[in-house]
Structures are given as C-alpha cells and as structure tokens.
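J.: Structure below; questions to follow.
The values are calculated or read from the model by the stated rules, or taken from the named source; none is laboratory data. Remember, predicted model here, so these are calculated numbers, not experimental data. No Cβ is skipped: glycine too gets one built from the backbone with ideal geometry, and neighbour counts run over all protein chains shown. What goes into the accessible areas is simple: the full protein's heavy atoms, side chains included, and nothing from ligands, DNA or RNA. Shrake-Rupley method; radii C 1.70, N 1.55, O 1.52, S 1.80 Å.
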Amino acid sequence: MTTMSYSQNANANIGAGFEQRGLGIYTMSGNSGNTKIKGSTYLFPDWKTNSIVNMKDGKNYKIPGLNYDVKLDKLVSKVGIDSLFSFNPATIDYANINNRTFKRYLDPELKRNSFYEIIVTNENLKLLKRINVAVKKGHINPMTKTQETPDTYVLKNSYFINKGDVSKKVPSKKREFIEIFGGMSGNIKEYIKQNKLSIKKELHLKQIFTYYDSL
C-alpha cells in the first residue's frame, strides 16, 4: 500500500507520476459550487478523513484528506492550503472513506457511470445510495421582493437496487419493492410487517437487505 501524506510538500509526496499516469490532476482548492451560495458541495464537512483508494491497476493508496465532491462527482484530496488533487474517476475501482465504500455504477437516469455509496451487498443484490446536491432557495420578503437569506446547498439521497450491471431506483410502492426479492418476497413482506419497517428510511432498507442476505 502506498501512503500519500498531507503536508505543505504534499505535491512532492504524491509524485508527478500520479498525474503522468492519468490518475488525476491538480486544481485550486475551494468549493466547486457558486461562491454566493452558502454551504458546501463536499460530502464530508471537513478534510480530516481516513481513506483508501483502490485503483483499477491493482494498486491502492492510503490517502488522508480525501473528500467526495458531489456536484462534480469526483474524489478529491486536499494536498495543500490552496490546492487539491482531483482523481480521474475512470482509474478508480472503489474507495473507502471513513469506513464508507464508494464505487461507480451506471446511473440509469444520467446514462453514465457515477459514484454510489454501497450500503449493503450480498451475492444477488446490492443496496446503493446516490448522493446529489440541490440548491435551497433563500427566503424572499413578499413585501419588498428582496432576498433576506442566502441560497444554500443541500445534499439529497436516493436509493438504488443493483443486480449485475443494472441499477434501478428503489420503488416508492411497497408492493413493487417486495417483488424485487422474487421467491423470498413472502418472507420480506412478513418481516417488514412484523418489524414495522419503512422502505423510505435508509436504516430500515439496510435492515431489510441484511435480513434478505440471511435467508
């Protein structure tokens, strides 16, 4: 395992080989979104993360200061006071940040590969979480028509079920959701009923998929 240190000389510690091998590029630090909008487009609130990035070439790197830029759909590491290293997503197999695993799957809505967080995985099905960023409009005074509070970035989650190379959004209707489990649908239906679970809550979805894995 190769360790990328975080220091004032972080660029040297990464080595020019990172960029030369097409693993990413150096960029200026700062939020990737509109600076007039409050909040952040980064998933983690600070850069004090413990991470391992596993590359498709079989190598892996222990990288402190790694974050996920939700808007750009890229993994970035803060390598200096005013600089970032932005990893080329196509070179990454998967990454673990603060014990959360991220891997790219085909986004059925955008028709391109995007990073998803793996919530539960088993032999047949995976429960994935897609994280997006939206802008919450600030309050506008109805009398003066002036904006009194700034617009704010907010992160929103949506959940997908992956089987093989196909990902589908978790159905909003319980009946359609239960049908996904095929021959085990009856067991899942009873389990949801007995435990009063909601398919709209991540914790409950995780519980359902974990139970399915035990059948």
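J.: Which of the residues that make up region 40-55 are open to solvent by less than 50 Å² (accessible area, probe 1.4 Å), in a loop (DSSP other than H, G, I, E, B) and within 18 Å of residue 134 (Cα to Cα)?
T.: 40, 41, 43, 44
J.: Being at pLDDT below 90 and in a loop (DSSP other than H, G, I, E, B) is the filter here, so list the residues in region 60-101 that pass it.
T.: Passing the criteria: 63, 64, 65, 81, 82.
J.: Can you tell me which residue in region 108-129 is modelled with the highest pLDDT, limited to those that are among the basic types (Lys, Arg) and under 15 Å from residue 94 (Cβ atoms)?
T.: Within region 108-129, the match that is modelled with the highest pLDDT is 129.
J.: Just wondering, is there one or more residues in region 84-95 that are within 12 Å of the chain's Cα centre (by Cα), open to solvent by less than 70 Å² (accessible area, probe 1.4 Å) and closer than 22 Å to residue 162 by Cα?
T.: yes
J.: Still on this structure: So, in region 176-199, of the ones that are closer than 18 Å to residue 125 by Cα and charged (D, E, K, R), which residue ends up most open to solvent (accessible area, probe 1.4 Å)?
T.: Here the residue is 189.
J.: Also: Are any of the residues in region 205-212 touching a helix residue (DSSP H, G or I) at 6+ places or on another chain (Cβ under 8 Å), more than 27 Å from residue 109 (Cβ to Cβ) and polar (S, T, N, Q)?
T.: Taking every residue of region 205-212 in turn, none turns out to be touching a helix residue (DSSP H, G or I) at 6+ places or on another chain (Cβ under 8 Å), more than 27 Å from residue 109 (Cβ to Cβ) and polar (S, T, N, Q).
J.: State which residue pairs qualify: first residue farther than 15 Å from residue 46 by Cβ and of a type in the set (Lys, Arg) and inside region 73-87, second residue modelled with pLDDT under 85 and assigned to a strand (DSSP E or B) in any location, beta carbons under 9 Å apart, and separation of 6 or more residues or different chains.
T.: That search, which allows pairs on different chains as well, returns 74/24.
J.: So, in region 56-69, how many residues would count as being under 16 Å from residue 116 (Cα atoms) and open to solvent by 10 Å² or more (accessible area, probe 1.4 Å)?
T.: 0
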